[in-house]
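What follows is a set of notes on a single structure, which appears directly below.
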Ligand SMILES: [Zn+2]
Ligand SMILES: [Zn+2]
């Protein structure tokens, strides 16, 4: 639990929803870029500015938030230049980043300057234990089977993740950031999907099988104009596609790239349940093939051992 005094964003604390808390902490384009740099060993203001050209004001704001959320810690070693390091809570985001990295390799345009990680080369992930390049796999801890997108179900007794996301007020800080300082919205593909509460809610509903405009509207309690915007944006981002039904009605379905977001949604739930769930209902996801409450673990696609954080190499 984050001590109250350290939380800069009251919306995170006030909300009863793990999903919203998680999105509030990591769902922001600049935050994702900063964390990615920290995971690659960068630690200082000047290094972040040099790497992705963020303004000092935006950078200071996001670093303060990340320290407040307990994801980074700030240390002043030589009296002048503070350094930022991942805490345990921050280090535990490694598998979310692994899922994001894999999605970028599969579906992003890794050399496109407009992705969330513009300088990311087409790269490989390798496993230092077996020494092989590999494709990470998500497996169920109970039955050891691969976890596939439509083999899981959010527990009906638990809070509805999409609704939880949709009910939460966006803090003024995040709203302001989106309007001004954020990298161009249409081009920040992955961060627009994860980092926008409505987009992530629409994607979550699509994973539950929602396909019709009126159903999205009713389930998410979203206004029609706002819903139209989000459905259009998600199509533009290549996450949803439409099909015309009888009577000229449209249905919206996840594309392959949309379905491939699934490990990321699981990682967000896992991390939020572990670190931000005090005072809120944790979200439970059931693995339908074995019937257990899903605990998914990343495994090496080559040797099939479970992956430890420090055994994953990005090359
Ligand atoms: Zn299972
Ligand atoms: Zn291996």
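If you rank 222, 105 by fewest surrounding Cβ atoms within 10 Å, what's the result?
Details: 222 20, 105 15.
Ordered from fewest to most neighbouring Cβ atoms within 10 Å, 222, 105 come out as 105, 222.
May I ask for log10 I(q)/I(0) of the range 215-315 at q = 0.13 Å⁻¹, from a Debye sum over the Cα atoms as equal point scatterers with solvent left out?
-0.76
Kindly put 138, 35 in sequence by how many other C-beta atoms sit within 10 Å of each C-beta, fewest to most. Provide the component values of the computation, followed by the final result.
Numbers: 138 20, 35 25.
Final ranking by Cβ density, sparse to dense: 138, 35.
What is the gain in length, in nm to one decimal, between residue 249 and residue 290 on full extension, counting 0.36 nm per residue of separation less the C-alpha to C-alpha distance? Walk me through the intermediate numbers first.
On the way: separation 41, 0.36 × 41 = 14.76 nm, distance 3.67 nm.
Roughly 11.1 nm would be gained on extension.
How far is the Cα center of the range 87-106 from the Cα center of the range 241-315, in Å?
12 Å
Taken together, the values in this text are just the output of simple stated rules run on the coordinates, not laboratory data. Note that the coordinates shown come from a computational prediction; the quantities given were computed from them, not determined experimentally. Cβ: placed from backbone, ideal geometry, glycine included. Neighbour counts: every protein chain shown.
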